[in-house]
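The values are calculated or read from the model by the stated rules, or taken from the named source; none is laboratory data. No experiment lies behind these values; they were computed from the predicted model shown. All Cβ positions, even for glycine, are placed from backbone atoms using ideal geometry, and neighbour counts span all protein chains on display. Note: areas computed on protein heavy atoms with side chains; ligands, DNA, RNA excluded. Shrake-Rupley method; radii C 1.70, N 1.55, O 1.52, S 1.80 Å.
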Amino acid sequence: MRRRFHYVQISQAGKGAGDPSREYERLVESRIEAVNKKYFQDGWQPVIHIRGVIDQSQLAAWYQAAAVLSVNSLSDGLNLIAKEFVACRFDEQGVVVLSRHAGSASELAQGALLVDPSSAKSVSDALYLALTLEPEEKRRRMTSMRRVIGWNQLHNWALGFLRQALSC
C-alpha cells in the first residue's frame with residue numbers, strides 16, 4: 001500500500017506542561033517521525049501530522065476528503081468524531097474503522113468496520129479492507145450509518161419536544 005495513501009493524524013495539544021498526555025504526545029510524535037523516516041520515498045511520507053485546533057469548516061473538509069476515518073479509542077469516548085464524519089459524507093463513500101470500545105460503536109455497527117484497538121492485526125486488516133472496498137459496498141455501509149444518525153437526531157428532537165411540552 002506504499003504511496004497509495006497518506007495517514008492524516010490531527011492532534012490537539014495537551015492542557016499543560018504537567019499534563020500526563022504531554023508525554024504521550026511526545027511518544028506519538030516520535031513514532032510518527034520514525035515511520036516517516038523509514039518509509040519516506042521520493043517526497044512521499046506516509047503520515048501527515050496536523051497539530052493544533054482546526055475549525056469546523058476545515059475539519060469538515062478533511063472528513064469529505066478522507067477515504068477512511070479511524071477511531072481507535074481504548075475506552076468509551078470519541079463518540080462525535082465518527083458521527084461527524086458520517087454526517088459530512090454526502091457522497092456516501094467514506095469508510096469508518098471504529099474501536100469496539102467507542103461509545104458510538106453500537107450505533108454504527110452495521111456500517112462501520114469494528115476493531116479491537118489493542119490488536120495491530122485487527123486495525124491493520126480493517127484499514128486494508130476499508131481502502132479496498134468497492135464503491136457500492138462503501139455506499140451501502142455509509143447509507144446505513146447515515147440512516148441511524150438521522151433517525152437518532154430526529155428521535156432526540158422529538159423526545160426533547162415532548163419533554164418540553166409535558167413540563168408546561
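Accessible-area rank, largest first, for Trp151, Trp44: Trp151, Trp44, with all protein chains present and a 1.4 angstrom probe.
Measuring with a 1.4 angstrom probe and ignoring ligands and nucleic acids, Tyr128 comes out at about 130 Å² accessible.
In plain terms, the chain from Asp42 to Ser118 could stretch by 24.1 nm, reckoned as 0.36 nm per residue minus the Cα-Cα distance. Ranking Ala65, Val86, His49 by how far each Cα lies toward the positive end of the dipole of region 46-98 (charges on Cβ) leaves His49 at the top. Cα to Cα, under 20 Å, and not fewer than 8 places away if on the same chain: which aspartates and glutamates meet these conditions relative to Lys138? The reachable aspartates and glutamates, counting only those whose Cα sits under 20 Å from Lys138, are Glu84, Asp91, Glu92, Glu107, Asp125.
Of the chymotrypsin sites (Phe, Trp or Tyr not before Pro) found in region 61-104, those in coil by DSSP whose Cβ has at most 14 other Cβ atoms within 10 Å are Phe90.
Eigenvalues of the alpha-carbon gyration tensor of region 1-123, scaled by 5 and square-rooted, set the equivalent ellipsoid semi-axes at 23, 19, 16 angstrom, largest first. In terms of its C-alpha gyration tensor, region 110-156 comes out oblate, because a/c is 1.5 or above while a/b does not outweigh b/c.
For region 15-112, the list of trypsin sites (Lys or Arg not before Pro) that fall in a loop by DSSP and count at most 10 other C-beta atoms within 10 angstrom reads Lys15.
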